[in-house]
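Worksheet: one structure, shown below.
The values are calculated or read from the model by the stated rules, or taken from the named source; none is laboratory data. Keep in mind it's a predicted model, so treat the numbers as computed, not measured. Because the Cβ atoms are built from the backbone with ideal geometry, glycine has one as well, and the counts that use them run over all protein chains shown.
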Amino acid sequence: MKIVKTIKEVKDFVKNCKKQDLSIGLVPTMGYLHEGHKSLIDRACKENDVVIVSDFVNPVQFAPNEDLATYPRDLKRDAALCQAAGVALLFNPEPNEMYFEDFHTYVTIQSLSDELCGKTRPAHFTGVCTVVCKLFNIVTPDKAYFGQKDAQQLAIIKRMVRDLNFDIEIIGCPIVRECDGLAKSSRNTYLNSDERKAALILSKAINLGMNLAKNGEKDANKIVEQMKSLIDTEPLAVIDYVKAVDANSIQIVSEMKPPVLIAMAVYIGKTRLIDNFIYEG
Ligand code: AMP
């Protein structure tokens, strides 16, 4: 496996692959890889001749008050995981490789970023779309892999690919959880032992919501309210949002007409965690 820092090295590698008619799968990540990332990488390795993983904490998607500086990083461990999984190229650029000092071009998505995380983190999805767009242009993959864990992000990337005519198939992969239900996340490392226990309230609320939906509750607000009440029983939890939206348009719905995405962001202490499920009917 090659580890490269420059766009030119990626492009040269890609050119070589294309000459040999090899299909390319891309897995964009911010590193500090865990089983969730690995599930995307494994699927990409199964479905493509060559897999490229990007490992880049994208500064543009963080607001000034967010955790850019403290976001966990461990390239050595990431490289070992990628190597063992069969990744061909690990792209780990410095921010100044991706963004010129006078970088002024951004990709913004309307409407789909109005709710959920887009509401709380107004510039976030512009940062995500911009970096993913750049990675798509650099790598020109056949397929790109994203987790359902970031459900709004997945819906936005699918729409961006359609709207901007990228010839790339976007593959959504299911949420990977710890044995006790907590969705795997690089940010789980921020939690102390009390917070780690308290964080279980997210997956408990997801299970509650899923059961209510499965048992025929048609009123989305009732499901959301019951989930919120459950989360409020945990003293360390502060709700950012729990909302029901149409899974494709990310617009608020009041009726459980599938596909409905019920998504949440909850602070456990200072750590903001997200989780969701999609009701397919
Ligand atoms: P990140 O490094 O957090 O930007 O995540 C990189 C990719 O991995 C994104 O497409 C995420 O949705 C996906 N991902 C992160 N955590 C999980 C998880 N627990 N299960 C499935 N996919 C995940």
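Can you work out which of the residues in segment 164-179 that are without any contact (Cβ under 8 Å) to a residue 40 or more places away in the chain and over 18 Å from the mean Cα position of the chain (by Cα) is farthest from the ligand (Cβ to nearest atom)?
In this case the residue turns out to be 165.
Are any residues in segment 154-163 surrounded by 23 or more Cβ atoms within 10 Å (Cβ to Cβ) and within 11 Å of the ligand (Cβ to nearest atom), and if so, which ones?
157
What residue, of 38, 8, is without any contact (Cβ under 8 Å) to a residue 24 or more places away in the chain and out of contact with any Cys (no Cβ under 8 Å at 6 or more places or on another chain)?
Details: 38 fails: without any contact (Cβ under 8 Å) to a residue 24 or more places away in the chain.
So the residue among 38, 8 that is without any contact (Cβ under 8 Å) to a residue 24 or more places away in the chain and out of contact with any Cys (no Cβ under 8 Å at 6 or more places or on another chain) is 8.
Just to be sure, is residue 231 closer than 21 Å to residue 115 by Cα and either touching a residue at least 24 places away in the same chain (Cβ under 8 Å) or surrounded by fewer than 18 Cβ atoms within 10 Å (Cβ to Cβ) (or both)? Steps first, answer last, please.
On the way: closer than 21 Å to residue 115 by Cα: yes; either touching a residue at least 24 places away in the same chain (Cβ under 8 Å) or surrounded by fewer than 18 Cβ atoms within 10 Å (Cβ to Cβ) (or both): yes.
Yes: the conditions hold for residue 231.
For segment 76-92, what are the residues that are free of Cβ contacts under 8 Å to residues at least 60 places away in the same chain and part of a helix (DSSP H, G or I)? Give the steps one after another, and end with the answer.
Here is the first cut: in segment 76-92, the residues free of Cβ contacts under 8 Å to residues at least 60 places away in the same chain are 76-78, 80-81, 84-86.
If the condition is that a residue be free of Cβ contacts under 8 Å to residues at least 60 places away in the same chain and part of a helix (DSSP H, G or I), then 76, 77, 78, 80, 81, 84, 85 are the ones that fit.
Being buried (at least 19 other Cβ atoms within 10 Å of the Cβ) and either more than 12 Å from the chain's Cα centre (by Cα) or part of a loop (DSSP other than H, G, I, E, B) (or both) is the filter; apply it to segment 20-29 and report the residue that is farthest from the ligand (Cβ to nearest atom). Walk me through how you get there before you give the answer.
To start, the set of residues in segment 20-29 that are buried (at least 19 other Cβ atoms within 10 Å of the Cβ) comprises 24-29.
Restricting the remaining residues to those that are either more than 12 Å from the chain's Cα centre (by Cα) or part of a loop (DSSP other than H, G, I, E, B) (or both) gives 24-26.
Details: 24: 17, 25: 13, 26: 11 Å.
Among those residues, the one meeting the criterion is 24.
So which of 54, 23 is hydroxyl-bearing (Ser, Thr, Tyr) and over 20 Å from residue 126 (Cβ atoms)?
Values: 54 fails: over 20 Å from residue 126 (Cβ atoms).
Among 54, 23, only 23 is hydroxyl-bearing (Ser, Thr, Tyr) and over 20 Å from residue 126 (Cβ atoms).
Pick out the one residue from 197, 218, 204 that is free of Cβ contacts under 8 Å to residues at least 12 places away in the same chain, of a type in the set (D, E, K, R) and assigned by TED's automatic domain parsing to the domain that holds residue 263.
Details: 218 fails: free of Cβ contacts under 8 Å to residues at least 12 places away in the same chain; 204 fails: free of Cβ contacts under 8 Å to residues at least 12 places away in the same chain.
The conditions single out 197.
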